[in-house]
Amino acid sequence: MHHLTGYTDRWGVKAGGTIRFMVSSTGNSDFHLRFVRHLCADPNPAGPGYSEEMVATPLDGTRPGLEQHAFLGSFAHARLPIDPRDGIRLQATIWPTTPRKGEQGILAIRIGTWKLSLEIGAGGGAVAALSGPGGTVRAEIARPLLERRWYDVSAVLDENGTLRVIQTPRAPLGDAGEATASAEAGQGGEADIFIGALPPDGPAPAHAHFNGKIERPAIMRLDGDVVAEWDFSIGMQTQTATDTGALAAHAKLVNLPTRAMTGSNWNGRFHDWKSAPDQYGAIHFHDDDQGPLGWQEAFALDVPTDWPSGFYAAHLSNHQGEDYIPFVVRPAKPTSDVVLLVPTFTYQVYGSYIRSGRGNEIAARAQAWGALRETPDLNPQFGLSTYNHHRDGSGVSLVTQHRPMLDTRPRQFSLMDPVEGGSGTARWVADNYVDNWLRHIGVDHDLITDHDLHAEGVDALSPYRVVIAGQHPEYHSERMMQAFEDHQAQGGRLMYLGGNGFYWRAEPSETQPDVLEVRRAEGGIRVWETMPGESYQAFGGGYGGLWRRIGRSGHRLTGINFSTQGRHLGFPYRFISGITDPRVAFMTQGLTVQHGEAFGTSGFMGGGAAGFELDSVNPKYGTPPHALVVAKGIVIHPDYGPVNEDMLIHRHPLPQEDWSCADMTFFETAAGGAVFSVGSMTYVGSLLADGGDSILSRLTANVVRRFADPEPFALPDSLTKV
């Protein structure tokens, strides 16, 4: 485990507000604390030049450390009084996904040192186990459960001391079984109930976590009376499992198991859980789920009112290591007409992306650059990204901000850039380029986060004439998409300086806003797909997947959307005839440009401005009819292929130069606003190349200044005259 690390209670804070920090320091070692503002967070010696400035606070100096832990695995926990002496039955319907992995808890009761559990055993069959001071008795079925099939399983302890386990497949394939053993019931009392795991046998809150779906677990008396029965189809959007029994012993879900999962009775007729909740009575538990860590607060920062808006971090260091815990400072009141929207939804969805071997791959370069060296693959205890699979092969759909995300840090690079001198940056560092560049060209601006935008809707954008979306604003909630549309309807201007933006839906939990949910339905470049019937989100109940499929394609908002992806290489743009249109004369003010001229030929991300993930225009999906393409970054490369959702047959319907490209696009809106989009994830890495005095930088600066000018844009005559 990383020896010194932490997280915040939120992504950003207003000046004058309070942000809280949770820190773990191995061995309770003291650490040194200071706060910095990052002017340039890229540690590459050949980059723009790493720069941080210390900002003094009363918290600075040596602080006491506390070792805190992160334990993987989801389960549910409840408490209720139970007397097992007259006989008791534990039962559930299950869909195991790794039945051969070893011991896994399905449902367990613990009263003091006495424990009765229904499990999967080492051989893969159902087990009833009773433990007490005299040892453990097990009744185990030799026939293993089959993967991804439904079973009714039960453990029965009768009044005569017979312990029985039964597994009954819903579709038998010779995998039914029953076994018995002699056992003795313990005394009754207040019981701890564990669903999806077994009671703890060490410092972790539970162990032997179950992989797969569990439906309607219950504790019954032998006469059929219900002690407790948890109906997972109730309270789908919450982290509470409802007990429908008389005791109402509702269970707390721990570490974010996945809800809104099809149950054993799902018949394929309904795909929206809200239409038939009784067919969605299962929860999918995983042994590598990770939820909010709940660490003890180490310190809280009252942000001074005079701190300028920007990228900040708490820097922790001691003899064991160091970390930067990042956060955004937002002004108490808007100070500019320009705002940079920091895509914290995307940060969170990607955060803790475990790429096998990445830590070893970057170690030597990180040391040479003085960059942070810890990576998610070296610290799997902090959980997974939605770009990972669970150990049972299912996709990760729930992620919390309340954990260290070691790949979302300043003074860090994310990959080995294949170009000499390349920085390999992403997320926090890449968007910090935009902040740095805006200061370089003398444009005052504020910062807000995606989480601010979701919480406040269009009110977060309304004070600003110009909204700048950065390098990779891929994930948005419905409320955020509506806010962008509403801002444009007010005459707002949008500059989209990235690629693969406005692509997937992500929705936060209303009860736990630190948690985001993603369902990868119907197409899209994706590492996993939702299973049939499971494309509607638990949070909010909306349909998950691509905004294009949901009916709000990014083409409508920005004129372009994701069309190709390839290696982390950058290529130039070339001007096309659109650059000579009088509507965009402001872009080339002070510049002499020619049709076909290349620009964006260098940069700190892949070596050029057009690369990695690219967006292009497509009227079929909503590009406005008057959108003007002024330049194209065409990438014809064997590693660059089309996005899945464009492919209806084995050939793309458009010529390659019309989809394997970044289309630099401009259009006006009816309310006097305008949109400028570049369509490339490496674009921001070229803003500061060549000392920030390139054609690309100067053209983009011209756009910012014209967009900040209150003079309304006018729709072209082709739209307003008959």
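The values are calculated or read from the model by the stated rules, or taken from the named source; none is laboratory data. A quick note: this is a predicted structure, and the numbers were derived from the prediction, not measured. Methodologically, a virtual Cβ is constructed for each residue, glycine included, from the backbone with ideal geometry; neighbour enumeration extends over all protein chains shown. Calculation scope for accessible area: heavy atoms of the full protein, side chains included, ligands and nucleic acids excluded. Shrake-Rupley method; radii C 1.70, N 1.55, O 1.52, S 1.80 Å.
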Give the lysines whose C-alpha is closer than 28 Å to that of residue 632, dropping any in the same chain fewer than 8 places away, or say none. 620
Just want to confirm a number: the relative contact order over the chain, from Cα pairs under 8 angstrom separated by 6+ residues, in percent. 13
At 222 nm, what helix-only mean residue ellipticity would the chain give, in deg cm²/dmol to the nearest 500, using -39500 (n - 2.57) for each DSSP H run of four or more? -3000 deg cm²/dmol
Length-normalised contact order of region 38-99, Cα under 8 Å, at least 6 apart, in percent, tallies to 16
Report, to the nearest 10°, how far helix 427-440 tilts away from the longest principal axis of the Cα atoms in the chain, using its own Cα long axis and a range of 0 to 90°. 30
If exposed GluC sites (Glu not before Pro) are those in a DSSP loop with at most 11 other Cβ within 10 Å, what is the longest stretch of the chain that has none? 1-419
For residue 14, go through the aspartates and glutamates and keep the ones whose alpha-carbon is under 12 Å away, minus same-chain ones fewer than eight residues off. 302, 306, 446, 452
With at most 13 other Cβ atoms within 10 Å, longest stretch of the chain clear of loop trypsin sites (Lys or Arg not before Pro) (DSSP): 275-650
Over the chain, what percent of the accessible surface lies on carbon and sulfur atoms, probe 1.4 Å? 49
Please report Rg over Rh for region 37-80, where both radii come from the alpha carbon positions and Rh follows the Kirkwood definition. 1.30
Which whole-number percent is the relative contact order of region 634-686 (Cα, under 8 Å, 6+ apart)? 28
What is the local net charge at residue 209, summed over the other residues whose Cβ is closer than 9 Å to its Cβ (Lys, Arg +1; Asp, Glu -1)? -3
Taking Rh as the Kirkwood radius computed over alpha-carbon pairs of the chain and applying Stokes-Einstein at 20 °C with viscosity 1.002 mPa s, one gets a diffusion coefficient in µm² s⁻¹ of 78
Determine which lysines satisfy two conditions relative to residue 101: a Cα distance under 17 Å, and not lying fewer than 8 residues away in the same chain. 213
Over the chain, with the other protein chains present, what is the accessible area per residue in square angstrom, probe 1.4 angstrom? 35
